[in-house]
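Enquirer: Have a look at the structure that comes next, please.
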């Protein structure tokens, strides 16, 4: 009996069957799903996406490849907000170096916004006489904490930053007022409790002193509070504020709110925080990061950002270490004083880019949903309805074929970008609403669209900016008729003062302060026109 030949024959059969099986799996079509985008349903308005340059700014300014890195961070990544550290009166070099970075950044993005956060005031305002120090707080003078002096230091610091080209758009009075690093891991800090006690200064009193000090200044910044370590801790600080109307938005971090390796563990805290504050003011996540070196880290960052935007409803999301030494950051820097220094673009950079590069400040998050529990989808529209970006995360290990409806958005151009374990925000083609888009397993896809909005009723037409100029009566009904003519007659003739009367209810079309024959001519050219989408006799102007 030839056992060797039989063994070879059996192996051949086995491997042949295995090959057939693998080929059959490869030919299985992607799982089908449906989804829709509803541009008529708008949620929070974006402040933007950003990152911090609070440390290692000296490494960046000294790096021989800094211009390439500036391109990566401030042009290709599409950052909207750059967060810096207030070191006035104890580290002037930091301010100067940060000014160099911002100058270079604004060559790439002239609209870049500046957020300034204080880790600590200088030693002469601290209880222990130094910016660092466990459980140190504001100094007392004559029995009371030095709130006014602290506010004056802030005013002087903003003037110094402005002299280096960094006019503050946002100010966080104190980074993580609820936390003080214990030795030996000390860094600049200043502890505030929500209200004053014998041990710690009161955040609420310090904030009011800051508001009073800055309120009369030119370029008054948007004051944020409290920038605590997490959402849970933030509640006590927010509820202790003396006058919440003095606060532009509620800022916080995500440390301790969940496990970054399982981003859905953040959802209960997000839901609780949103239930108390969403819709009152903009919510801003201003510092968080975790792992950055693997594609799994990138996928988890995308999941966390999706949850942050859709569950909590944040208007801004900032990554903590925009650049860092060694292996940290979105971009890791080699020691610029070493031999042949370079840099590394980490996988999380590409996940962040799916959101930051394809949206802008003042965009709105809009309705988006799918019937697949494996897909996370979010969508954002420009204020003029001419751009729409859709970000989709496929959590599954298998491909999903998504039939996606765009509703009232009429696309005229598209680009699709994808990140997976083998792609880095790579351009992969265009989008056709009539053809399902295949989403590879464990991938992030952004569909970037240009086009126009197709309103379905008069209210939507007006909201999208398509109101007829002469449709002024009754707040606009999409018809230019006798109701609008009545407004013209009421103000005919008005020779001065229209600016103080809501532009004479819109009758001063030019506007030049009066209602005259020029305004009547503008009105007459649109007489009897209408643009009501529900009336087939009307003519669309979109």
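The values are calculated or read from the model by the stated rules, or taken from the named source; none is laboratory data. Quick caveat: nothing in here was measured; it's all calculated off a predicted structure. Cβ: placed from backbone, ideal geometry, glycine included. Neighbour counts: every protein chain shown.
Enquirer: Identify, from the list 115, 146, 111, the residue that is touching a helix residue (DSSP H, G or I) at 6+ places or on another chain (Cβ under 7 Å) and at negative phi.
Expert: So the residue among 115, 146, 111 that is touching a helix residue (DSSP H, G or I) at 6+ places or on another chain (Cβ under 7 Å) and at negative phi is 146.
Enquirer: Okay, next question. Going through 387, 433, 423 one at a time, which residue ends up being touching a residue at least 60 places away in the same chain (Cβ under 8 Å) and either over 14 Å from residue 372 (Cα atoms) or buried (at least 19 other Cβ atoms within 10 Å of the Cβ) (or both)? Don't jump to the end; show me each part of the working.
Expert: On the way: 433 fails: touching a residue at least 60 places away in the same chain (Cβ under 8 Å); 423 fails: touching a residue at least 60 places away in the same chain (Cβ under 8 Å).
Criteria check complete, one pass: 387.
Enquirer: Then there's this: Does residue 446 fit the bill of being assigned to a strand (DSSP E or B) and either in contact (Cβ under 8 Å) with a residue 12 or more places away in the chain or buried (at least 18 other Cβ atoms within 10 Å of the Cβ) (or both)?
Expert: Answer is yes for this residue.
Enquirer: Name the residue, out of 149, 160, that is surrounded by fewer than 20 Cβ atoms within 10 Å (Cβ to Cβ), part of a helix (DSSP H, G or I) and touching a strand residue (DSSP E or B) at 6+ places or on another chain (Cβ under 9 Å).
Expert: Being surrounded by fewer than 20 Cβ atoms within 10 Å (Cβ to Cβ), part of a helix (DSSP H, G or I) and touching a strand residue (DSSP E or B) at 6+ places or on another chain (Cβ under 9 Å) holds for just one of 149, 160, which is 149.
Enquirer: Shifting gears a bit: Considering only the stretch 291-322, state which residues are touching a residue at least 60 places away in the same chain (Cβ under 8 Å) and more than 21 Å from residue 376 (Cα to Cα).
Expert: Matches in the stretch 291-322: 320, 321, 322.
Enquirer: Sort out which residues of the stretch 406-419 are assigned to a strand (DSSP E or B) and touching a residue at least 40 places away in the same chain (Cβ under 8 Å), and write them in order of number.
Expert: We begin by selecting, within the stretch 406-419, every residue assigned to a strand (DSSP E or B); these are 409-419.
Within the stretch 406-419, 409, 410, 411, 412, 417, 419 meet the criteria.
Enquirer: Could you tell me which numbered condition residue 428 fails, if it satisfies all but one of (1) part of a strand (DSSP E or B); (2) exposed (fewer than 14 other Cβ atoms within 10 Å of the Cβ)?
Expert: Looking at each condition in turn, residue 428 falls short on (2).
Enquirer: If you take the residues in the stretch 18-34 that are at pLDDT 50 or above and exposed (fewer than 13 other Cβ atoms within 10 Å of the Cβ), which one is nearest to the chain's Cα centre (by Cα)?
Expert: Among them, the one singled out is 32.
Enquirer: Examine the stretch 315-334 for a residue that is in a helix (DSSP H, G or I) and either surrounded by fewer than 23 Cβ atoms within 10 Å (Cβ to Cβ) or on the phi > 0 side of the Ramachandran plot (or both), and state whether such a residue exists.
Expert: Checked against the condition, which is being in a helix (DSSP H, G or I) and either surrounded by fewer than 23 Cβ atoms within 10 Å (Cβ to Cβ) or on the phi > 0 side of the Ramachandran plot (or both), the stretch 315-334 yields no hits at all.
Enquirer: Out of (1) surrounded by 13 or more Cβ atoms within 10 Å (Cβ to Cβ); (2) assigned to a loop (DSSP other than H, G, I, E, B), what's the single condition that is false for residue 539?
Expert: Condition not satisfied by residue 539: (1).
Enquirer: When you go through (1) out of contact with any helix residue (DSSP H, G or I) (no Cβ under 6 Å at 6 or more places or on another chain); (2) surrounded by 18 or more Cβ atoms within 10 Å (Cβ to Cβ) one by one for residue 504, which number turns out not to apply?
Expert: (1)
Enquirer: Same structure, new question: Got a sec? Which strands (runs of 3 or more DSSP E) wholly within the stretch 355-405 have at least 1 residues that are under 27 Å from residue 279 (Cβ atoms)?
Expert: Hits in the stretch 355-405: 364-370, 375-381, 387-394.
Enquirer: With 350, 343, 364 as the choices, which residue is buried (at least 23 other Cβ atoms within 10 Å of the Cβ) and touching a strand residue (DSSP E or B) at 6+ places or on another chain (Cβ under 6 Å)? Can you show your working first?
Expert: Values: 343 fails: buried (at least 23 other Cβ atoms within 10 Å of the Cβ); 364 fails: buried (at least 23 other Cβ atoms within 10 Å of the Cβ).
None of the others qualify; the one that does is 350.
Enquirer: If you go through the stretch 56-73, how many residues are surrounded by fewer than 16 Cβ atoms within 10 Å (Cβ to Cβ) and within 29 Å of residue 283 (Cα to Cα)?
Expert: Residues that pass the stated criteria total 1.
Enquirer: All but one of (1) at pLDDT below 95; (2) in contact with a strand residue (DSSP E or B) (Cβ under 8 Å, 6 or more places away or on another chain) hold for residue 359, so report the exception by its number.
Expert: Condition not satisfied by residue 359: (1).
Enquirer: Output yes when any residue across the stretch 471-480 is out of contact with any helix residue (DSSP H, G or I) (no Cβ under 8 Å at 6 or more places or on another chain), buried (at least 18 other Cβ atoms within 10 Å of the Cβ) and touching a residue at least 12 places away in the same chain (Cβ under 8 Å), and no when none is.
Expert: Yes, the conditions are met somewhere in the stretch 471-480.
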